[in-house]
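S.K.: Let me begin by handing over the structure; questions about it come next.
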Amino acid sequence: MMSHQGFKIIAAANFISEHAFSHGEIRIAPGRPDVLDLEKAEQLGKQIQQKIESSKDLKTIPDLNIRGELLPVSKLLPKHSEILFTHAPQIIPELCQNCRKCLEVCPVKAIDPHSLKSREKLCIRCFACVKLCPHHARKIIFKQPLLAKTFLKRIGRKRKEPEIYI
């Protein structure tokens with residue numbers, strides 16, 4: 001996409017962050033990016049600087065060969081498959097303090113400003129509203145709880161490292 005817009009891509013990276021579904025008893029990459037990730041990001045910045053400084057002309061830098069691989073299950077799932085796994089976040093009225101921070105963080109304005117309920121068809125399941133609610137008044141509801149929890153716990157067991165392309 002960037003190449004088609006005329007950019008010269010000289011470096012790239014896939015860094016790990018906490019999964020959108022990570023909350024409560026299901027923790028997937030909690031606390032990521034962490035200190036080790038930030039050190040790798042700093043190293044990447046130095047490598048990019050060195051690559052630029054050692055080149056006479058950016059046009060002579062060869063194109064990157066980025067070969068990212070999706071998990072096998074990712075290849076089977078349709079686009080926007082997160083809707084298959086969860087409902088839009090639910091509000092817990094007795095915990096809600098009407099601070100409206102959920103409205104501020106929702107990137108697609110899927111939360112009704114009057115009722116503070118998530119609109120199922122608009123919600124993209126990023127769960128920013130759940131993660132950032134200071135009163136824990138929003139929750140994730142899985143459509144197949146046992147299946148989702150088993151799968152998510154399995155993929156979240158092993159630490160994944162950033163991939164760097166330079």
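S.K.: Hey, could you check the range 103-148 for residues that are polar (S, T, N, Q) and assigned to a loop (DSSP other than H, G, I, E, B) and say which is modelled with the lowest pLDDT?
M.R.: My answer is Q144.
S.K.: Just one of Q97, Q144, Q90 is touching a residue at least 40 places away in the same chain (Cβ under 8 Å), out of contact with any strand residue (DSSP E or B) (no Cβ under 6 Å at 6 or more places or on another chain) and either of a type in the set (G, A, S) or surrounded by 11 or more Cβ atoms within 10 Å (Cβ to Cβ) (or both); which is it?
M.R.: Checking each option against the conditions leaves just Q144.
S.K.: Filter the range 21-52 down to the residues that are closer than 19 Å to R138 by Cα and out of contact with any Pro (no Cβ under 9 Å at 6 or more places or on another chain), then identify the one that is surrounded by the most Cβ atoms within 10 Å (Cβ to Cβ).
M.R.: Taking the range 21-52 and keeping what is closer than 19 Å to R138 by Cα, we get 21-28, 30.
Now narrow it down to the ones that are out of contact with any Pro (no Cβ under 9 Å at 6 or more places or on another chain): 21, 23-28, 30.
Numbers: F21: 23, H23: 19, G24: 11, E25: 7, I26: 19, R27: 15, I28: 20, P30: 12.
Applying the filter and picking the extreme gives F21.
S.K.: If you don't mind, another one. Using beta carbons and a limit of 6 Å, which pairs, at least six apart or on different chains, have the first residue in the range 119-134 and farther than 14 Å from L103 by Cβ and not assigned by TED's automatic domain parsing to the domain that holds H19 and the second one of a type outside the set (V, I, T) and not in a loop (DSSP other than H, G, I, E, B)?
M.R.: Cβ pairs passing all conditions: R125/E82.
The values are calculated or read from the model by the stated rules, or taken from the named source; none is laboratory data. Note that this is a predicted model, so its numbers are computed, not measured. Cβ atoms come from the backbone with ideal geometry, glycine included; neighbour counts cover every protein chain shown.
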